[in-house]
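The structure under discussion appears below in the form of structure tokens.
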Amino acid sequence: MTAAIKPRTMKMALVGDINVGKTSLARMFIDGTFQARYQASVGLHFHTKTLRDPSVTIQLWDTAGTERYRSLLPHYTRDAVCAVLVYDISSRDSFDNVRSYWLDFVESHAIPNMVKFLVGNKADVDTREVSDYEAQMFATNHDTFFMETSAKFGTNVDNLFTEAAKAVIKAIPETQ
Ligand code: GDP
Ligand code: MG
């Protein structure tokens, strides 16, 4: 008899200001679709997707309105093995808020060795306010991975979660 090997499940939390594209990244990753119209999401949501290489199931938590209901956030990042810190490359404010708020927030609610991934989304727009050089420097100085994505065109979206999963496998060996 052969036992099926169940892929490890990893909880990852998307955080960042409202409107940076967190829900769009989740949607593009999970089912490959994009919606141009803005729709505020409310409540605690997660979606799962199983990758083949590496063989893991990602449980992806979308902040879903918790940008405003900040008291919910600790529940949301609890037990997360990876925080995906999203800003919009065309919004200097959204990047400054990662530096002044979101990074501290996830670090103060994190399990040891949690993987941090800084993501500059909307890389397709031509109204850039944050250079990739500046973001890369910031990430390097804060022990954080970095990538730019476009949820609109799917650019680097699968790559982001694959790299995050690989980093988690390295940083946090499975306990059970
Ligand atoms: P959230 O509040 O962080 O969850 O952001 P949403 O995913 O709801 O996206 C906010 C708005 O930005 C929506 O109108 C999206 O269509 C748009 N958006 C999201 N990602 C991208 C992207 O990569 N490129 C462009 N051009 N627009 C995007
Ligand atoms: Mg959202």
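The values are calculated or read from the model by the stated rules, or taken from the named source; none is laboratory data. Quick caveat, the model's predicted, so the values are computed rather than measured. Here the Cβ positions follow ideal geometry from the backbone for every residue, glycine too, while neighbour counts run over all protein chains shown.
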Of the residues that make up the range 135-150, is at least one of a type in the set (Val, Ile, Thr), without any contact (Cβ under 8 Å) to a residue 60 or more places away in the chain and surrounded by 15 or more Cβ atoms within 10 Å (Cβ to Cβ)?
-> yes
Yes/no for Gly154 being in contact with a helix residue (DSSP H, G or I) (Cβ under 7 Å, 6 or more places away or on another chain) and either without any contact (Cβ under 8 Å) to a residue 40 or more places away in the chain or among the β-branched types (Val, Ile, Thr) (or both) = no
Pairs, first closer than 16 Å to Ala171 by Cβ in the range 64-89, second modelled with pLDDT under 70, C-beta under 6 Å, six or more apart | none
Checked the range 1-46 for anything part of a strand (DSSP E or B) and either modelled with pLDDT of 90 or more or within 12 Å of ligand 2 (Cβ to nearest atom) (or both); matches are Arg8, Thr9, Met10, Lys11, Met12, Ala13, Leu14, Val15, His45
Does Ala139 meet the test of being out of contact with any Cys (no Cβ under 9 Å at 6 or more places or on another chain), within 16 Å of ligand 1 (Cβ to nearest atom) and modelled with pLDDT of 95 or more?
-> no
Among residues belonging to the range 108-129 that are surrounded by fewer than 16 Cβ atoms within 10 Å (Cβ to Cβ) and among the polar types (S, T, N, Q), point out the one that is farthest from ligand 2 (Cβ to nearest atom).
-> Asn113
Test: Glu163 is part of a helix (DSSP H, G or I), more than 16 Å from ligand 2 (Cβ to nearest atom) and acidic (Asp, Glu) = yes
Kindly provide the set of residues from the range 9-28 that are small (Gly, Ala, Ser) and under 19 Å from Ser150 (Cβ atoms), ordered by number.
-> Gly16, Gly21, Ser24, Ala26
Subset of the range 95-128 [within 16 Å of Thr144 (Cβ to Cβ), of a type in the set (Gly, Ala, Ser) and outside any strand (DSSP E or B)] = Ser100, Ser108, Ala110
Sort out which residues of the range 75-108 are more than 22 Å from Glu163 (Cβ to Cβ) and among the polar types (S, T, N, Q), and write them in order of number.
-> Ser90, Ser91, Asn97, Ser100, Ser108
Which number in (1) in contact with a Lys or Arg (Cβ under 7 Å, 6 or more places away or on another chain); (2) assigned to a loop (DSSP other than H, G, I, E, B) marks the one condition that Leu85 misses?
-> (2)
Output the number of the condition that Glu67 fails; it satisfies all remaining conditions of (1) at pLDDT 95 or above; (2) assigned to a loop (DSSP other than H, G, I, E, B); (3) surrounded by 14 or more Cβ atoms within 10 Å (Cβ to Cβ).
-> (1)
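Do we find a residue being aliphatic (A, V, I, L, M), out of contact with any strand residue (DSSP E or B) (no Cβ under 9 Å at 6 or more places or on another chain) and at pLDDT below 95 anywhere in the range 88-108? Steps first, please.
Residues of the range 88-108 aliphatic (A, V, I, L, M): 89, 98, 103, 106.
This time we only want the ones that are out of contact with any strand residue (DSSP E or B) (no Cβ under 9 Å at 6 or more places or on another chain), so: none.
No: the range 88-108 contains no residue that is aliphatic (A, V, I, L, M), out of contact with any strand residue (DSSP E or B) (no Cβ under 9 Å at 6 or more places or on another chain) and at pLDDT below 95.
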